[in-house]
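Only the coordinates and a few stated rules stand behind these numbers; no lab work does. None of the values given here were measured: they were computed from a predicted structure. So basically every Cβ, Gly included, is an ideal-geometry build from the backbone, and we count neighbours across all protein chains shown.
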Amino acid sequence: MSDTDHLIAELFPQERRGRMMKGMLFGVLAGTAMAALLTSQSGAATRAALRERGLELKDRVDELLRRRHPSA
């Protein structure tokens, strides 16, 4: 089990995890669809911006995991 899986297991008990993850997934998909429909950028610019934001988010998660589990 990865560090992310352990963190999710700690934050959300098993009985709530499925509903919570479905809700989060729906929110992400709805937000992504709205952003794609409402953007005034070209497809290439949108993809580049999404890639950059994704890398920033990954770095934030990595930092949070390092703070939570300093020995890892």
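Work out, step by step, the length gained on full extension between Thr32 and Arg68: first 0.36 nm times the residue separation, then minus their alpha carbon distance; give nm to one decimal.
Result: 10.1 nm gained on full extension.
Along the Cα→Cβ direction, 7 angstrom out, place labels at Ser2 and Leu57. What is the inter-label distance in nm?
It is 1.3 nm.
To the nearest 0.05, how large is the calculated FRET efficiency for Met24 and Ala48 if R₀ is 30 Å and r is the Cβ-Cβ distance?
0.75
With the calculation restricted to Cα positions, what are the radius of gyration and Dmax of region 3-68 in angstrom?
Cα only, region 3-68: 15.1, 42 Å (Rg, Dmax).
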